[in-house]
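The values are calculated or read from the model by the stated rules, or taken from the named source; none is laboratory data. Just so we're clear, the structure is a prediction, and the values are computed from it rather than from any experiment. Glycine also receives a Cβ, built like all others from the backbone with ideal geometry; neighbour counts cover every protein chain displayed.
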């Protein structure tokens with residue numbers, strides 16, 4: 001469906017909502033009513049947008065039913081519109097899978113913890129194909145400390161600013177309401193000895209300690225071992241090189257502390273600090289096929305460590321005229337890792353036992369005010385807000401690629417010693433939203449956000465969402481918004497240099513003797529996306545819930561490494577990151593929840609990708625299945641015993657046919673065939689103190705192996721682990 005066609009349909013739908021409701025309002029005026037006056041409840045724009053069709057919530061009870069092995073992403077992936085992918089469609093770093101919302105890629109998913117941005121992955125170098133050797137940012141909080149996870153897709157996410165073009169994942173932590181604590185343990189053992197086991201333990205303490213003060217303290221340790229170095233040997237499509245690596249391991253250590261002070265009933269102050277350490281267990285991964293003795297010697301060792309620390313102050317206020325939420329947060333990420341090659345075949349592979357260090361500091365601040373009012377005879381809540389994001393990167397590791405003698409690239413220092421290791425960006429934003437109850441059946445939520453970035457300048461993000469109750473059980477909702485993403489500091493920095501000695505040059509512009517360079521571009525524009533959705537939902541008093549949503553994103557100015565040279569410097573061509581004119585993503589999401597009886601509940605959802613295409617070359621934007629179906633049956637055997645049978649079916653994942661870095665043909669453009677994973681679990685509340693859960697993941701042992709990386713594997717670039725057995729025990733006091 002074309003862009004203009006989809007925009008026309010959306011505009012028609014919104015116009016129809018207004019027309020139907022106008023007629024309905026006239027009819028209602030002609031009907032006599034009694035003298036009963038009900039108090040009008042007006043909610044904020046944010047609360048209203050969380051009722052949009054592209055919003056899902058994972059509760060603490062959902063997490064308890066089938067706890068994740070290691071990363072919350074394992075649960076989030078089962079929501080409609082959600083998949084796990086690497087950061088690029090090239091398949092490089094394929095096992096470093098992260099949340100991908102509506103096929104827009106992990107870089108367009110904004111991760112929040114308690115509403116505050118998590119930006120640690122930006123401390124990891126971005127390669128020419130858009131890949132990062134990063135696990136993402138969904139694993140900084142253990143599952144047992146999570147109260148709920150809000151997954152916000154589409155137009156409703158545009159209010160969160162840069163990085164939310166695909167959507168937002170907000171991880172909301174528990175706040176104990178009485179003095180006590182919980183100790184939890186978890187163990188997952190795979191049936192296949194080539195796959196890594198997982199174990200974790202944590203303690204959560206909290207509650208009030210005086211009339212005006214409460215606290216929360218979390219300590220957690222978890223470990224997932226790496227896969228065997230030869231796990232993919234039998235699937236390797238290129239026996240002339242070492243087999244592609246399996247999943248690397250990770251050791252997480254987390255401490256979080258919160259003091260909450262409530263001097264009056266109308267004001268709450270939260271002071272919070274957190275310190276986390278993620279160290280890997282190396283499984284042999286590298287960006288290209290090249291391998292070397294240094295890399296092989298550190299398999300099984302810790303080769304990178306990412307530390308994240310935060311300090312924040314939050315204020316929530318209630319006033320006669322409305323309420324407010326304000327915070328300021330400082331986040332420091334320290335990325336230490338063994339040095340990697342920056343050019344040719346060793347690029348992205350460990351080549352040294354010397355450690356490098358990258359430091360990223362982020363300062364974020366936000367203030368949001370909700371003001372209920374009556375204007376023009378309509379009840380509404382006006383939201384006013386402002387936001388600041390500052391980012392400072394100190395990186396004397398990624399900018400060390402020298403430029404060969406006699407070659408001069410404008411704006412780029414040829415000698416790494418002359419390059420400034422510091423780069424930064426500053427961005428300010430203001431936004432306005434209004435949640436308007438046009439009638440008791442029609443709600444409109446217009447919004448406008450303005451951001452100013454010190455590199456690319458201004459960006460406007462208008463939005464309009466509408467909700468219409470056709471009947472008490474059927475509702476129609478639609479939305480349109482302009483979302484954006486600022487260029488990252490690697491893409492903007494002309495001193496960040498990638499070099500290929502020849503084979504990595506674009507096929508239309510081969511090496512003329514000195515290879516090819518790709519450098520950052522300080523003149524990049526922001527990526528933008530016009531996100532549209534329309535959905536219908538059915539919900540009755542018996543617990544039935546069903547819905548279907550169509551979404552369409554027109555993605556413009558996507559940032560990619562250039563395939564057309566900016567110039568010839570001596571015997572080398574040089575390229576820059578540039579803005580791709582147009583791409584498009586569209587699809588369908590749906591859900592069906594049926595209470596079969598008092599004890600049986602059947603929940604299902606699906607995602608179908610209609611289109612995911614870079615218009616310059618017809619390539620997919622990310623490696624996601626054509627369709628995904630999640631289904632689960634909950635059986636409440638007794639009040640204290642729940643059994644859960646669930647399954648996920650993944651459709652075919654199409655392979656790219658053209659490489660992102662050279663524009664040449666992919667050597668082995670094989671798709672990943674459809675497959676199904678089935679899980680079985682139980683949750684047993686022994687008594688008020690103890691809870692036991694356990695089960696089997698991947699009951700039928702459907703293992704899927706990685707066949708290669710990028711060119712060598714098509715879409716077969718990640719591992720899906722086989723059957724495993726888990727048990728979890730928690731005690732509350």
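Somewhere in the range 539-554, is a residue surrounded by fewer than 21 Cβ atoms within 10 Å (Cβ to Cβ), farther than 30 Å from residue 80 by Cβ, more than 23 Å from the chain's Cα centre (by Cα) and modelled with pLDDT of 90 or more?
no
Would you say residue 137 is in contact with a helix residue (DSSP H, G or I) (Cβ under 8 Å, 6 or more places away or on another chain), assigned to a strand (DSSP E or B) and at pLDDT 95 or above?
Working: in contact with a helix residue (DSSP H, G or I) (Cβ under 8 Å, 6 or more places away or on another chain): yes; assigned to a strand (DSSP E or B): no; at pLDDT 95 or above: yes.
Judged against the criteria, residue 137 is not a match.
Which residues, counting only those in the range 468-488, are surrounded by fewer than 22 Cβ atoms within 10 Å (Cβ to Cβ), in contact with a helix residue (DSSP H, G or I) (Cβ under 9 Å, 6 or more places away or on another chain) and not in a loop (DSSP other than H, G, I, E, B)?
Correct list: 476, 482.
Listed here are the residues, each with its yes/no results for (1) under 10 Å from the mean Cα position of the chain (by Cα); (2) within 21 Å of residue 251 (Cα to Cα); (3) touching a residue at least 24 places away in the same chain (Cβ under 8 Å); (4) not in a loop (DSSP other than H, G, I, E, B).
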site	(1), (2), (3), (4)
53	no, no, yes, no
67	no, yes, yes, no
80	no, no, yes, no
83	yes, no, yes, yes
90	no, no, yes, no
99	yes, yes, yes, yes
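May I ask you to say which residue of 678, 658, 637 is touching a strand residue (DSSP E or B) at 6+ places or on another chain (Cβ under 9 Å) and farther than 27 Å from residue 604 by Cα?
Details: 678 fails: farther than 27 Å from residue 604 by Cα; 637 fails: farther than 27 Å from residue 604 by Cα.
Checking each option against the conditions leaves just 658.
Which members of the range 172-185 meet the condition of being surrounded by 15 or more Cβ atoms within 10 Å (Cβ to Cβ) and part of a loop (DSSP other than H, G, I, E, B)?
174, 176
Give 392, 369, 428 a once-over and let me know the one that is modelled with pLDDT of 95 or more and more than 24 Å from residue 120 (Cβ to Cβ).
Details: 392 fails: more than 24 Å from residue 120 (Cβ to Cβ); 428 fails: more than 24 Å from residue 120 (Cβ to Cβ).
Testing whether each residue is modelled with pLDDT of 95 or more and more than 24 Å from residue 120 (Cβ to Cβ) leaves just 369.
Hey, does the range 525-537 have a residue that's surrounded by 16 or more Cβ atoms within 10 Å (Cβ to Cβ), assigned to a loop (DSSP other than H, G, I, E, B) and in contact with a strand residue (DSSP E or B) (Cβ under 8 Å, 6 or more places away or on another chain)?
First pass over the range 525-537, keeping only residues surrounded by 16 or more Cβ atoms within 10 Å (Cβ to Cβ): 525-537.
After this cut, where a residue has to be assigned to a loop (DSSP other than H, G, I, E, B) as well, the list is 525-526.
Then drop every residue that is not in contact with a strand residue (DSSP E or B) (Cβ under 8 Å, 6 or more places away or on another chain), which leaves 525-526.
Yes; the residues of the range 525-537 include at least one that is surrounded by 16 or more Cβ atoms within 10 Å (Cβ to Cβ), assigned to a loop (DSSP other than H, G, I, E, B) and in contact with a strand residue (DSSP E or B) (Cβ under 8 Å, 6 or more places away or on another chain).
Please specify each residue of the range 107-116 satisfying the condition of being in contact (Cβ under 8 Å) with a residue 60 or more places away in the chain and within 11 Å of the chain's Cα centre (by Cα).
Hits for the range 107-116 are 107, 108, 109, 111.
I need the full set of residues from the range 198-234 which are in contact (Cβ under 8 Å) with a residue 60 or more places away in the chain and in a loop (DSSP other than H, G, I, E, B), in order please.
Once the filter is applied, which keeps residues that are in contact (Cβ under 8 Å) with a residue 60 or more places away in the chain and in a loop (DSSP other than H, G, I, E, B), the range 198-234 yields 226, 227, 229, 231, 232.
Taking residue 158, is it touching a residue at least 40 places away in the same chain (Cβ under 8 Å), crowded, with 22+ Cβ neighbours inside 10 Å and not in a loop (DSSP other than H, G, I, E, B)?
Details: touching a residue at least 40 places away in the same chain (Cβ under 8 Å): yes; crowded, with 22+ Cβ neighbours inside 10 Å: yes; not in a loop (DSSP other than H, G, I, E, B): yes.
So residue 158 fits the description; yes.
For the condition in contact with a helix residue (DSSP H, G or I) (Cβ under 9 Å, 6 or more places away or on another chain) and assigned to a strand (DSSP E or B), what is the one hit in 580, 584? Spell out how you get there, then give the answer.
Numbers: 580 fails: in contact with a helix residue (DSSP H, G or I) (Cβ under 9 Å, 6 or more places away or on another chain).
Of 580, 584, the one residue that is in contact with a helix residue (DSSP H, G or I) (Cβ under 9 Å, 6 or more places away or on another chain) and assigned to a strand (DSSP E or B) is 584.
If residue 501 meets every condition in (1) in contact with a strand residue (DSSP E or B) (Cβ under 8 Å, 6 or more places away or on another chain); (2) under 28 Å from residue 438 (Cβ atoms); (3) surrounded by fewer than 18 Cβ atoms within 10 Å (Cβ to Cβ) apart from one, which number is that one?
Residue 501 satisfies every listed condition except (2).
Identify all residues within the range 241-277 that are touching a residue at least 40 places away in the same chain (Cβ under 8 Å) and out of contact with any strand residue (DSSP E or B) (no Cβ under 7 Å at 6 or more places or on another chain); write none if there are none.
241, 242, 244, 245, 246, 247, 263, 265
Can you go through 188, 202 and tell me which one is crowded, with 16+ Cβ neighbours inside 10 Å, within 30 Å of residue 244 (Cβ to Cβ) and under 27 Å from the mean Cα position of the chain (by Cα)? Outline the logic, then answer.
Numbers: 202 fails: within 30 Å of residue 244 (Cβ to Cβ).
None of the others qualify; the one that does is 188.
Suppose we keep only residues that are under 28 Å from residue 652 (Cα atoms) and in contact (Cβ under 8 Å) with a residue 40 or more places away in the chain within the range 595-607. Which one would you say is nearest to the chain's Cα centre (by Cα)?
Taking the range 595-607 first, the residues under 28 Å from residue 652 (Cα atoms) are 602-607.
Cutting the leftovers down to in contact (Cβ under 8 Å) with a residue 40 or more places away in the chain gives us 605-607.
On the way: 605: 19, 606: 18, 607: 17 Å.
Among them, the one singled out is 607.
Could you count how many residues in the range 448-463 are closer than 18 Å to residue 364 by Cβ and either in a loop (DSSP other than H, G, I, E, B) or touching a helix residue (DSSP H, G or I) at 6+ places or on another chain (Cβ under 7 Å) (or both)?
So the answer is 4.
Residue by residue, here is whether (1) modelled with pLDDT of 95 or more; (2) more than 28 Å from residue 461 (Cα to Cα); (3) in contact with a helix residue (DSSP H, G or I) (Cβ under 8 Å, 6 or more places away or on another chain); (4) assigned to a loop (DSSP other than H, G, I, E, B) holds:
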site: 93; (1), (2), (3), (4): no, yes, no, yes
site: 130; (1), (2), (3), (4): no, no, yes, yes
site: 147; (1), (2), (3), (4): yes, yes, yes, no
site: 170; (1), (2), (3), (4): yes, no, no, no
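Collect the residues in the range 506-517 that are crowded, with 23+ Cβ neighbours inside 10 Å and in contact (Cβ under 8 Å) with a residue 60 or more places away in the chain, keeping them in residue-number order. Working first, answer last.
Residues of the range 506-517 crowded, with 23+ Cβ neighbours inside 10 Å: 516-517.
Selection gives 517 alone.
Within the range 588-609, is there a residue that is closer than 28 Å to residue 714 by Cα, part of a strand (DSSP E or B), in contact with a strand residue (DSSP E or B) (Cβ under 6 Å, 6 or more places away or on another chain) and at pLDDT below 95? Can you show your working first?
Kept after step one, since they are closer than 28 Å to residue 714 by Cα, are these residues of the range 588-609: 588-589, 605-609.
Subset that is part of a strand (DSSP E or B): 588-589, 605-609.
Okay, now just the ones that are also in contact with a strand residue (DSSP E or B) (Cβ under 6 Å, 6 or more places away or on another chain), so 588-589, 605-609.
With at pLDDT below 95 added as a condition, the list becomes none.
No, because not a single residue in the range 588-609 is closer than 28 Å to residue 714 by Cα, part of a strand (DSSP E or B), in contact with a strand residue (DSSP E or B) (Cβ under 6 Å, 6 or more places away or on another chain) and at pLDDT below 95.
Here is a yes/no grid of residues against (1) more than 22 Å from residue 589 (Cα to Cα); (2) surrounded by 23 or more Cβ atoms within 10 Å (Cβ to Cβ):
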| site | (1), (2) |
| --- | --- |
| 86 | no, yes |
| 95 | yes, no |
| 108 | no, yes |
| 124 | yes, yes |
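Which of the numbered conditions does residue 727 fail, given that it passes all the others? Conditions: (1) modelled with pLDDT of 95 or more; (2) buried (at least 21 other Cβ atoms within 10 Å of the Cβ).
(2)
Does the range 580-589 hold any residues that are touching a residue at least 40 places away in the same chain (Cβ under 8 Å) and surrounded by fewer than 19 Cβ atoms within 10 Å (Cβ to Cβ), and which are they?
The initial filter retains those residues of the range 580-589 that are touching a residue at least 40 places away in the same chain (Cβ under 8 Å), namely 584-589.
Selection gives 588 alone.
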